[in-house]
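Enquirer: Sharing a structure here in structure tokens format.
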Amino acid sequence: MTEQLRRVLVIMAHPDDPEFCCGGTLARWIDEGKEVCYLLATSGDGGSVDAAVVPGQVSRVREAEQRAAADVLGVQEIIFLRHRDGELVADLWLRLQLVRCIRLCRPDIVVTTDPLRFYVGDRRLNHPDHRAVGEAALGAIFPVAGTERFYPELWGTEGLAPHSPQEIYIAEPDEPNCTVDVAAYIEQKVRAIREHKSQLSYPAAQLARARQRTATADGGHSERFRRIVLR
Ligand SMILES: [Zn+2]
């Protein structure tokens, strides 16, 4: 089913999330003819450990890096909502913004992050923005984006008719039910990650870890998802 679907909207919290979470899958889908757009809730202004750098400067750098990384994969368009990094909440305002973008972009597939993931393994906590954007995205998709009685002004005033995607891919979930073979795209993914220069304090180690995250026992690479097919 996924093979026939064409339009993909990736809804995530920060610049670099799409590449790290699922850059191989996005590269593969684009190579297979899908159109991919990004909707990023923040511009990653918290992504600097240098207190002397003001948030606006960080955002500008990170948006530019994100555009360069997206170009490596062949992503068509990026929308930045410019919420403050670290303060994302799955509230009604964020949901309305996501509904507007879903009705505008009319994706067949939405890719987002896992709203249930509080920690990763034994050593790492998940960023709360990743949970918030995942929760807001799922709440926007159902029941709101596809139902005309919600936000009628989006239809009446802005001409944005209801729209429901057919499939949802939750990237890097605790309970995956689907993997995508990205062996042929792992180097393209790494090249895209490499464009997020401000986030790579130790590039060799971080890029090696990115490769390792998707490594399979047979020497290949795959990315994991919770795939939900809406009926
Ligand atoms: Zn992130």
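The values are calculated or read from the model by the stated rules, or taken from the named source; none is laboratory data. Note that the coordinates shown come from a computational prediction; the quantities given were computed from them, not determined experimentally. Neighbour counts are summed over all protein chains in view; Cβ atoms, including those assigned to glycine, are modelled from backbone coordinates with ideal geometry.
Enquirer: Given the residues ASP108, ASP114, ASP71, which is the only one that is within 16 Å of the chain's Cα centre (by Cα), among the charged types (D, E, K, R) and buried (at least 22 other Cβ atoms within 10 Å of the Cβ)?
Expert: Values: ASP108 fails: buried (at least 22 other Cβ atoms within 10 Å of the Cβ); ASP71 fails: buried (at least 22 other Cβ atoms within 10 Å of the Cβ).
One residue alone meets the criteria, ASP114.
Enquirer: Same structure, new question: Cβ-Cβ distance below 7 Å, separation of 6 or more or different chains: which pairs start in the range 5-23 with a residue that is surrounded by fewer than 24 Cβ atoms within 10 Å (Cβ to Cβ) and end on one that is of a type in the set (A, V, I, L, M, F, W, C) and not in a helix (DSSP H, G or I)?
Expert: LEU5/ILE109
Enquirer: So, one more: Look at the range 44-82 and say how many of its residues are at pLDDT below 95 and in contact with an Asp or Glu (Cβ under 6 Å, 6 or more places away or on another chain).
Expert: Adding up the residues that qualify gives 6.
Enquirer: Sticking with this one: Just checking: which of the helices (runs of 4 or more DSSP H) contained wholly in the range 116-223 hold 1 or more residues that are within 16 Å of the ligand (Cβ to nearest atom) and touching a residue at least 24 places away in the same chain (Cβ under 8 Å)?
Expert: Details: elements: 128-139, 152-156, 186-194, 203-213.
Answer list for the range 116-223: 128-139, 186-194, 203-213.
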